Amino acid sequence: MERTIATPPPSAPWAMHVEETRGRRFPEPEHPYRSAYARDRDRIIHCRAFRRLEAKTQVFTTRYSDHFRNRLTHTLEVAQIARTVAGALGLNTELAEALALVHDIGHPPFGHAGERKLDELMRARGGRFNHNLHALRIVEHFEQRYLDFPGLNLTFEVREGIIKHSRDYSETEFPELHEYLLDLCPPLEAQLIDWVDEIAYNTADMDDALEAGLLNLGVLCREVPFFGAAYAPVDAAHSLAREKLKFNEALKHVLDLQVTDLIESTQRRVLASGVSSTEEVRRAPKRLAGFSEEAAAQNAALKRFLFAHIYNHPAITEDRDRSVKCLEELFAYYLANPGSMPASYEEFAQTEPRHVIVCDYIAGMTDQFLLRQHYEHSGG
Ligand code: MG
């Protein structure tokens, strides 16, 4: 069969070209028409942890409505924006898409509150929890799908991106991550993900908050002036139109402004740095992808608004606090009761400390599954 390429190869010299991949842990023959990164993307979409994102909270629980974002639809929005940004920059869109699809796969139930609680429970026992490290455990160990190797056997660059897309890790603190070139920057495709993630969730959270009746448009326009500047002309031109449609129009404009700034600012920094390959991107003194100073300030104002008015709104926190308490009680239950987890986890607990495996088991749960388990084990 003749090799055909479905997606055009990246055009920029500083893109991560798949021919230069550091490869997989367990070597595999090449596929006749899918690149290694396209296969990684497909493996991610077909894995169990990916499907579970559907039943994990982003910000709003399903108690509010069935059409709010969950972690899966958020992930699809990130993937869509990441492809666009990577394509506009001549980067590897297949790698960017794989990284976007996998970026939240290690998220425990109940969003960041769940992550903080698991971390607190682990720290009390000399460990820690964070969703990037957990994502790596999922794709390396917990996904059991293939006869020839454990995990998904993803390429080095996807595993590296899982670890480094949103922060740096020091070699002294995380010696187990040694192989991921911790003193170097990740390729631009991975550097983009954190920014795209922010753009996606900031705009989506405003949208869902308005639908939930938690967002006051007047206050938003006042406290986030660049949103106000996007809304005013729409409002003036369509004074009789429904407010929600005018809001949508302004939101679309804000998303577009942020994406355009990310593309242009990244391009500008890459050109100014003089890098001409991924290896030079890696060795640059700091990451090159990101907003301009102006867009960063606008984004910060938006985040401040969301924290002040939405994320800490009692309608959100009451639900969250109750759920996080269930998580804590369930952790204590599994820890104190050997044999209470499924056989495969009990087996892992023979060779690793029990609290680590309890943490893995709970982190993998969907919100509803956790609440059901809690209900059953607390005597109903
Ligand atoms: Mg995310």
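The values are calculated or read from the model by the stated rules, or taken from the named source; none is laboratory data. Fair warning: this is a prediction, and the values are worked out from it, not measured in the lab. Cβ coordinates were reconstructed from backbone atoms using ideal geometry, including for glycine residues, and neighbour counts include every protein chain displayed. Surface areas here come from the heavy atoms of the whole protein model, side chains and all, with no ligands, DNA or RNA. Shrake-Rupley method; radii C 1.70, N 1.55, O 1.52, S 1.80 Å.
What the phi angles of region 193-209 give under the Karplus curve with 6.51, -1.76 and 1.60, with θ = phi - 60°, is a coupling list of 4, 4, 5, 5, 4, 4, 4, 5, 7, 4, 5, 5, 5, 5, 4, 5, 5 Hz, glycine and proline written as x.
Placing unit charges on the Cβ atoms of the charged side chains and taking the dipole of region 323-364 about its Cα centre, the candidate lying farthest along the positive direction among Q350, V324, L335 is V324. State the answer as a single residue: which of A200, A308, G274 lies farthest towards the positive end of the charge dipole of region 192-314, with beta carbon charges of +1 for Lys and Arg and -1 for Asp and Glu, about the Cα centre. Towards the positive end, the residue furthest out is G274. Rounded to a whole number, what % of the accessible area of region 181-232 do carbon and sulfur atoms account for, probe 1.4 Å? Of the solvent-accessible surface of region 181-232, carbon and sulfur hold 51 percent. Dividing the mean sequence gap of close Cα pairs (under 8 Å, 6+ apart) by how many residues the chain holds gives a relative contact order of 20 percent. An ellipsoid equivalent to region 83-218, defined through the eigenvalues of its Cα gyration tensor, has semi-axes of 27, 22, 15 Å when rounded to whole angstrom and sorted largest first.
Packing order of peptides 230-242, 174-186, 103-115, highest average first: 103-115, 174-186, 230-242 (average count of other Cβ atoms within 10 Å over each peptide's residues).
Of K164/K286; K244/K303; K252/K303; K56/K325; K117/K252; K303/K325, which pairs sit farther than 23 Å apart, going by alpha carbon to alpha carbon?
Among K164/K286; K244/K303; K252/K303; K56/K325; K117/K252; K303/K325, the Cα-Cα distance tops 23 Å for K117/K252; K303/K325.
Think of each Lys and Arg Cβ as +1 and each Asp and Glu Cβ as -1; about the Cα centre, that makes the dipole of the chain roughly 360 debye.
From the largest down, region 180-219 spans 46, 15, 13 angstrom on the principal axes of its Cα atoms. Accessible area per residue for region 192-314 is 48 Å², calculated with a 1.4 Å probe on protein heavy atoms, without ligands, DNA or RNA. Between D42 and E223, the FRET efficiency estimated from the beta carbon spacing at R0 = 35 angstrom works out to 0.25. Hydrodynamic radius of region 115-176 by the Kirkwood approach over all distinct alpha-carbon pairs: 13.0 Å.
Which distance in Å, rounded to a whole number, links the C-alpha centroids of region 70-136 and region 273-301? So the two Cα centres are separated by 20 Å. Put +1 on the Cβ of every Lys and Arg and -1 on every Asp and Glu Cβ in region 192-314; which of G218, L288, L262 then has its Cα farthest towards the positive end of the dipole? Result: L288. Residues within the reach of a label modelled at S378 (point 7 angstrom out along Cα to beta-carbon, backbone nitrogen below 19 Å), restricted to region 80-114, are 109-111, 113-114. In the chain, inverting the average of 1/r over every pair of distinct C-alpha atoms gives 22.2 Å as the Kirkwood radius. Each stretch of four or more DSSP H residues adds -39500 (n - 2.57); spread over every residue of the chain, this sum gives -18500 deg cm²/dmol at 222 nm. Using a simple spin-label model with pseudo-atoms 7 Å out from Cα toward Cβ, V356 and S277 lie 3.8 nm apart.
Between D183 and E120, the contour length at 0.36 nm per residue exceeds the alpha carbon distance by 19.9 nm.
Close amide H partners of Q58, meaning residues 5 or more places away or on another chain with modelled amide H under 5 Å apart, are R71. Judged by the mean number of other Cβ atoms found within 10 Å, the most tightly packed of the peptides 155-164, 127-136, 82-91 leads the ranking 155-164, 82-91, 127-136. Ellipsoid semi-axes for region 192-314, based on the Cα gyration tensor and the rule √(5λ), read 32, 16, 11 Å when sorted largest first.
Translational diffusion of region 243-355 was estimated from the Stokes-Einstein equation, with Rh taken as the Kirkwood radius over Cα pairs; at 37 °C and 0.692 mPa s the coefficient is 169 µm²/s. Based on Cα contacts under 8 Å between residues 6+ apart, region 104-150 shows a relative contact order of 35 percent.
Would region 57-156 count as rounded, prolate or oblate if I go by the C-alpha gyration tensor, calling it rounded below 1.5 in a/c and otherwise prolate when a/b exceeds b/c, oblate otherwise? Judged from the Cα gyration tensor, region 57-156 comes out oblate (a/c at least 1.5, b/c at or above a/b).
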